[in-house]
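Chemist: Sharing a structure below in structure tokens format, with a few things to ask.
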Amino acid sequence: METQTLIRLLDLIGIGVFALSGALMAVRLRQTLVTAAFFALVTGVGGGSVRDLLIGAPVFWVQDGAIAAVCIAIALTVWVTPERWWQGQLLEWADAVGLAAYAVFGTAKALAWGVPPVPALLMGVITGCVGGTIRDILAGVPSIIVRPEVYVTAAALASGLFLLLIWLGAGTPVAAVVGALAGFALRGAAIH
Amino acid sequence: METQTLIRLLDLIGIGVFALSGALMAVRLRQTLVTAAFFALVTGVGGGSVRDLLIGAPVFWVQDGAIAAVCIAIALTVWVTPERWWQGQLLEWADAVGLAAYAVFGTAKALAWGVPPVPALLMGVITGCVGGTIRDILAGVPSIIVRPEVYVTAAALASGLFLLLIWLGAGTPVAAVVGALAGFALRGAAIH
Amino acid sequence: METQTLIRLLDLIGIGVFALSGALMAVRLRQTLVTAAFFALVTGVGGGSVRDLLIGAPVFWVQDGAIAAVCIAIALTVWVTPERWWQGQLLEWADAVGLAAYAVFGTAKALAWGVPPVPALLMGVITGCVGGTIRDILAGVPSIIVRPEVYVTAAALASGLFLLLIWLGAGTPVAAVVGALAGFALRGAAIH
């Protein structure tokens, strides 16, 4: 797979699963379909929007109508399907996948825009954590960052390992996959 | 009335009534005049600031001292007048007017900056909802978005109807007025 | 001392003490070291980031790796030292220093970017208050803005006095020091 394709895939995975976690939160709060779509969008693109603003890039989803449409479609899917399909810890697992994928993608995009390594790492962490944090603050539940679980650390592991492997000479695809898997594994262990 | 004037008027209405709702919230929380002015400003310009950042426009009130002065004057007016003038559901109604006006204006400005229809609709919704959400989060009350009321949907109706009428060939003034009135009516029905 | 150096110093003081207050908050919430570093960063650079986005300046810490490293070092220091070193009202006092320094610096930077006086004052207030507000919202405690204390007013005093003295013809260093001291004194009186 080409590097560009892989990085793009990580981005879409981050958006999609965060959108899913946002829609699930809204449905559990007995919100309307439109509010669920709003939660899906804000959770899905929130982290990437903050990242793009901070690094001075055009905000990715504003000029690309497809991304917003995907978030709305995910909310609609959650809305029309039986609620038992989405029970259990799916929200937590979707959030974990989004966290790991977005942390690596955020760091990779920051590097591509000329940000030095330490801020690039933080850009991965911040943007990986912002989507879920906005979702929790809007929903009025304790922010996932301060729950007694490994969360910020998992994002930092994904971004840090990605940067370390790049620095050691690994190709971007290897570094991205290993970083994201490590971050997901650490977060998953905390859920489990 | 010229299109440009109407759009500008919608913007000022959105800013003014959101500023009013912010000042009222601060006064109810027994805050000082300065804090009330701060709430008026943040609520009044919060949605528009996020919109401008996302679409890449210069943030409208930073270079235009008059807007900030108007927000401060509104806070001062609420502060020096008897509290019974502002009782009842005025805060909710002011918020409803701001929501409808800002949703249409946000979509219109996004279109003018070349944003495609789906993100433009969302730009209207997001920026219509952000001012009141920031006000509620700062005040520590449940965010208006998740209260059991029609809120996001009313903003989506205003923005969506505006877009639909434009697409059907209506002039901007007609589309703007019809969209804002429909959004306000839906939100008003939920208050009532 | 040169004006440029003094302004730079105010900036670093604001970042450093806000980072300290963020790290202290995380440690009191029994968070991990990585989460404490995240709180230090977000609290330290949050206000300045919002300011830079609003005035259209490049976000200061994204291209400058040293600032993020300093925030992380502060979190590490709080983490490895005995907790009794950091007891009592240190968090409140650190926050007060950051508020006063950041309010003046925010206004000075806004003026330097051509922002008119009224929005420049508000830029100082908003950015002085944003770091602590984000910290409190993430931590799930009532936002410092609405606690029954002088907070926004102290920031407004620091920024307003700075602007007034500049307008009266005082040099920037005098205006900055007097403004920051006045804001700090007012906030300090409320803590005490």
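The values are calculated or read from the model by the stated rules, or taken from the named source; none is laboratory data. As the structure is a computational prediction, the values presented were derived from the model and not from experiment. Using ideal geometry, Cβ is built from the backbone for each residue, glycine included, and neighbour counts are taken over all protein chains shown.
Chemist: Which one of these does B:W86 not meet: (1) over 22 Å from C:G128 (Cβ atoms); (2) within 11 Å of chain C (Cβ to nearest Cβ); (3) crowded, with 17+ Cβ neighbours inside 10 Å?
Modeler: (2)
Chemist: Looking at this structure, is A:A66 at the interface with another protein chain (Cβ under 10 Å from one of its Cβ atoms) and at negative phi?
Modeler: On the way: at the interface with another protein chain (Cβ under 10 Å from one of its Cβ atoms): yes; at negative phi: yes.
The answer is yes for A:A66.
Every residue, every condition in (1) at negative phi; (2) modelled with pLDDT under 90; (3) of a type in the set (S, T, N, Q), yes or no:
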position: C:W85; (1), (2), (3): yes, yes, no
position: C:Q89; (1), (2), (3): yes, yes, yes
position: C:W93; (1), (2), (3): yes, yes, no
position: C:V97; (1), (2), (3): yes, yes, no
position: C:A100; (1), (2), (3): yes, no, no
position: C:K109; (1), (2), (3): yes, no, no
position: C:W113; (1), (2), (3): yes, no, no
position: C:P116; (1), (2), (3): yes, no, no
position: C:C129; (1), (2), (3): yes, yes, no
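Chemist: Still on this model: Would you mind telling me which numbered condition in (1) within 14 Å of chain B (Cβ to nearest Cβ); (2) closer than 21 Å to C:A112 by Cβ C:R187 fails?
Modeler: Failed condition: (2).
Chemist: Of the residues that sit in the range C:62-76 and are free of Cβ contacts under 8 Å to residues at least 40 places away in the same chain and of a type outside the set (A, V, I, L, M), which one is surrounded by the most Cβ atoms within 10 Å (Cβ to Cβ)?
Modeler: Checking each candidate, the answer is C:G65.
Chemist: Here's something else I'd like to know. Restricted to the range A:113-145, and to residues that are within 8 Å of chain C (Cβ to nearest Cβ) and under 25 Å from A:Q31 (Cα atoms), which residue is surrounded by the most Cβ atoms within 10 Å (Cβ to Cβ)?
Modeler: It comes out as A:C129.
Chemist: Are any of the residues in the range C:100-107 surrounded by fewer than 24 Cβ atoms within 10 Å (Cβ to Cβ) and either in contact with a helix residue (DSSP H, G or I) (Cβ under 7 Å, 6 or more places away or on another chain) or of a type in the set (D, E, K, R) (or both)?
Modeler: no
Chemist: Would you pick out the residues in the range C:3-27 that are touching a residue at least 60 places away in the same chain (Cβ under 8 Å) and of a type in the set (D, E, K, R)?
Modeler: Correct list: C:D11 only.
Chemist: Of the conditions (1) of a type in the set (A, V, I, L, M, F, W, C); (2) within 14 Å of another protein chain (Cβ to nearest Cβ); (3) part of a helix (DSSP H, G or I), B:V150 satisfies every one except a single condition; which number is it?
Modeler: Single failed check for B:V150: (3).
Chemist: When only residues in the range B:15-55 that are among the hydroxyl-bearing types (S, T, Y) and surrounded by 24 or more Cβ atoms within 10 Å (Cβ to Cβ) count, which is nearest to the other protein chains (Cβ to nearest Cβ)?
Modeler: Of the range B:15-55, the ones among the hydroxyl-bearing types (S, T, Y) are B:21, B:32, B:35, B:43, B:49.
Among the residues that remain, those that are also surrounded by 24 or more Cβ atoms within 10 Å (Cβ to Cβ) are: B:21, B:35, B:43.
On the way: B:S21: 16, B:T35: 5, B:T43: 13 Å.
Applying the filter and picking the extreme gives B:T35.
Chemist: Please go through (1) over 22 Å from B:V130 (Cβ atoms); (2) touching a Pro at 6+ places or on another chain (Cβ under 6 Å) for A:A68 and return the number of the only condition it doesn't satisfy.
Modeler: Evaluating A:A68 over (1) over 22 Å from B:V130 (Cβ atoms); (2) touching a Pro at 6+ places or on another chain (Cβ under 6 Å) leaves (1) as the failure.
Chemist: Hey, could you check the range A:170-186 for residues that are of a type outside the set (A, V, I, L, M) and at pLDDT below 90 and say which is surrounded by the fewest Cβ atoms within 10 Å (Cβ to Cβ)? Break it down stepwise before answering.
Modeler: The initial filter retains those residues of the range A:170-186 that are of a type outside the set (A, V, I, L, M), namely A:171-173, A:179, A:183-184.
Next, only the ones that are at pLDDT below 90 stay: A:171-173.
On the way: A:G171: 11, A:T172: 19, A:P173: 14.
Ranking the candidates gives A:G171 first.
Chemist: Inside the range B:36-65, can you point out the residues that are touching a helix residue (DSSP H, G or I) at 6+ places or on another chain (Cβ under 8 Å) and not in a helix (DSSP H, G or I)?
Modeler: Passing the criteria: B:A57, B:P58, B:V59, B:F60, B:W61, B:V62, B:Q63, B:D64.
Chemist: I would also like to ask the following. Tell me the residue from C:A156, C:A180, C:A94 that is more than 9 Å from chain B (Cβ to nearest Cβ), of a type in the set (G, A, S) and more than 30 Å from A:G131 (Cβ to Cβ), please.
Modeler: When all the criteria are applied, what remains is C:A180.
Chemist: Moving on to the next point. Given the options B:G160, B:G171, name the one that is out of contact with any His (no Cβ under 8 Å at 6 or more places or on another chain), small (G, A, S), in contact (Cβ under 8 Å) with a residue 12 or more places away in the chain and within 24 Å of A:L33 (Cα to Cα).
Modeler: B:G160
Chemist: Separate question: As an exercise: evaluate B:R51 against (1) in contact (Cβ under 8 Å) with a residue 40 or more places away in the chain; (2) in contact with a Pro (Cβ under 8 Å, 6 or more places away or on another chain); (3) among the basic types (K, R) and give the number of the one condition it does not meet.
Modeler: (2) is the only condition that B:R51 fails.
Chemist: Next up: Can you spot a residue in the range B:99-112 that is β-branched (V, I, T), away from every other protein chain (no Cβ under 11 Å), under 13 Å from B:S21 (Cβ atoms) and in contact (Cβ under 8 Å) with a residue 24 or more places away in the chain?
Modeler: No.
Chemist: Right, next: Mind checking which residues of the range A:47-74 are closer than 22 Å to C:V42 by Cα and of a type in the set (A, V, I, L, M)?
Modeler: A:V50, A:L53, A:L54, A:I55, A:A57, A:V59 - these are the residues of the range A:47-74 that are closer than 22 Å to C:V42 by Cα and of a type in the set (A, V, I, L, M).
Chemist: Residues being farther than 28 Å from C:P142 by Cβ and touching a Leu at 6+ places or on another chain (Cβ under 9 Å): count how many of those fall in the range C:1-31.
Modeler: Residues flagged as farther than 28 Å from C:P142 by Cβ and touching a Leu at 6+ places or on another chain (Cβ under 9 Å) within the range C:1-31 amount to 1.
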